[in-house]
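The values are calculated or read from the model by the stated rules, or taken from the named source; none is laboratory data. These numbers were taken from a predicted model, which means no experiment stands behind them. A quick note on method: Cβ atoms are made from the backbone with ideal geometry, for glycine too, and the neighbour counts reach across all protein chains shown. What goes into the accessible areas is simple: the full protein's heavy atoms, side chains included, and nothing from ligands, DNA or RNA. Shrake-Rupley method; radii C 1.70, N 1.55, O 1.52, S 1.80 Å.
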Amino acid sequence: MAAQATPQRGLHNRNPVAENNRNRPVAQGDSLQEKVHLKRELGLFSAVSLIVGVMIGSGIFVSPSMALQEAGSVGFCLIIWATCGAISLLGALCFAELGLLVPRSGAEYVYLQEAFGGLHKFWGPLPSFLCSWVYVAVLRPAEVAVIIMAFAEYVCQPLEMYIGHIEEGSKGVAKKYIALLALGLLTYVNLMSVKLFVRVQNVFTVSKLMACLIVVISGIYVLCEGYTDNIAAGFQGSNFSPQNVALAFYYALWPFDGWSTVTTVTEEVKKPEANILRSVVIAVPMVTAIYFMMNVAYMSVLSIPEMTSSPAVAVTLADRTLGPVKFLIPLGVALSTFGCALSIQFSVTRLCYVAAREGHMLQALSYIHTRRLTPAPAVLLQGLLTLVFVVVGDIASLIDFVSFLIWIFYGLAMAALLVMRKTKQDDLRLYKVPLLFPVFIIFVSLFLCLVPIITDPSPRYFVALVLIGLGVAVYVPLVFYRLRPRWMENFSYVIQVLMEVVPAEEPAVDRI
């Protein structure tokens, strides 16, 4: 039986000398092999910018209407948004402890592998593999595809007076081409260098914060003018049923997703022992305050029926308050979506790269470009997968079907933290959260994952089960039994030659 001989070894217990002898780069010398690795290019400002860049996408400009519809009242909805910010901060603080305890890129994937990988030959590495499978193969590229399609939509919106006469089919094709151009641009940025990504991301983060500020100032202006009837409705009409509450939290937490981003790129953060925690403490409360004030602005300008019937509540607010400069909001949303897609692709390529180093993805995906020092094959894979989803088209429903899996992996990461409190109790901890924090996040994840399924047992959740089943079908032969078809070796060789990539300085063993 060809089961894994050493699948349960820890992430830090490798034999790099033996692995280097097995994985010599094509036409490269030993000195080059020793220098090729990801560089620490993200300072504190860039780390904060990365978290904010992922968290603030199109969600806060769209989803407040859905959260309000489920909450039923202005007061209850604002409490939900504030609570979601607190939940996100608690989860981010837990991830900060995990990131300092296991100082490797990959976030929940690495933590699951570190905590459970050595507990059982078969079941131990399975959670981390499924995490990488769901994130890399489907969820993140599909999410980027939806975001850049939203980018194309908002880019065209200010031009509607000039293109309104064009047939809807032709406009749809044009928007898809714009999305593909945006995908090519963000993939190019992530391929070229981390420094270029940092510069571009910082610009887009500042731009999206300006768009959020415009919304907030519009709401404050309306309140100062004395229009307080909408916000004064308070808790009238609140929905407290478990299903409504779960869905309201679900829609409100979606724009907060991204608080774990900095731990996905730990190996590229300068002074991670200080900047990981600092970036979390700065970014998450800042985003929470922005989201809360933007919701106050929406609810001040628009009534509940107007909000719940609006497909893009920020644009409706702009039509009502900004007059001739209302195009600033669609433009701001476009910039926000592009920056968000750029950051999501950046982070998921690092997860893909780390998973490949640990043997859970194709070996070629663990290679780094010899000059640019970026995980070029992983970036290219994400670009191609996103391209497929853009061409396929209607995939927003797919994200709804499987996005609750994100909170399953968040909950498992909290369980990993509890496990490592025992298995690594003697390790030096620069930072430690109260035990109540991860336990609370586990209960939140169970609530968000189970209540919608129990209250609305729709067949649509079957999509997520199929996705997990496909992951197990890949895991058994290629990871557990380590079957290596000949084409995999040929593929790795071709990728090395064509893309000028080589194994990283600290390669993993037992690769696919």
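Overview of results
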quantity	calculated
Extension gain from Val497 to Ala232, taking 0.36 nm per residue of separation minus the Cα-Cα distance	88.9 nm
Theoretical gain in end-to-end length, Leu470 to Leu196 [0.36 nm per residue, Cα-Cα removed]	95.0 nm
Sequence of Leu384, Leu373, Leu405 when ordered by accessible area, the most exposed leading, probe 1.4 angstrom	Leu384, Leu373, Leu405
Debye intensity ratio I(q)/I(0), log10, region 329-372, q values 0.14, 0.18, 0.21 Å⁻¹ (C-alpha model)	-0.47, -0.62, -0.70
Other-chain or far-sequence residues with amide H under 5 Å of Gly359's (modelled H)	Ile512
Per residue Cα convex hull volume in Å³ - calculated over region 441-496	145
Probe 1.4 Å, all protein chains present, accessible-area order of Phe256, Phe440, largest first	Phe440, Phe256
Helix 272-301 vs. the chain, principal-axis angle (Cα, 0 to 90°, nearest 10)	20
Rounded tilt (10° steps) of 404-423 against the dominant C-alpha axis of the chain	50
Estimated FRET transfer efficiency (Gln243, Arg460; beta-carbon r; R0 22 Å; 0.05)	0.90
Helix-only CD estimate at 222 nm, as mean residue ellipticity for the chain, using -39500 (n - 2.57) per DSSP H run (n ≥ 4)	-21500 deg cm²/dmol
Cβ-Cβ FRET estimate between Leu328 and Val388, R0 fixed at 41 Å, reported to 0.05	0.75
DSSP loop GluC sites (Glu not before Pro) with at most 16 other Cβ within 10 Å excluded, longest remaining stretch of the chain	226-504
Accessible area per residue, Å², the chain with all protein chains present, probe 1.4 Å	41
Size of region 295-385 as Cα extents on the principal axes (Å, biggest first)	54, 25, 21
Modelled FRET efficiency - R0 45 Å, Arg278 with Tyr481, Cβ distances, 0.05 increments	0.55
Heavy-atom accessible area order for Thr455, Thr423, largest first, 1.4 Å probe	Thr423, Thr455
Dipole in debye (nearest 20) - the chain, about Cα centre, beta carbon charges: Lys, Arg +1; Asp, Glu -1	1420
Accessible-area composition of the chain, carbon plus sulfur, in percent [1.4 Å probe]	66
Entry for Rg and Dmax of the Cα atoms in Å (calculated from the structure that is shown) out of (i) 25.2, 89; (ii) 23.0, 76; (iii) 23.0, 71	(ii)
Subset of Lys175/Lys208; Lys195/Lys432; Lys171/Lys208; Lys121/Lys424 violating a 29 Å alpha-carbon distance limit	Lys195/Lys432
With DNA, RNA and ligands ignored, accessible area of Val155 (1.4 Å probe; Å², nearest 10)	50
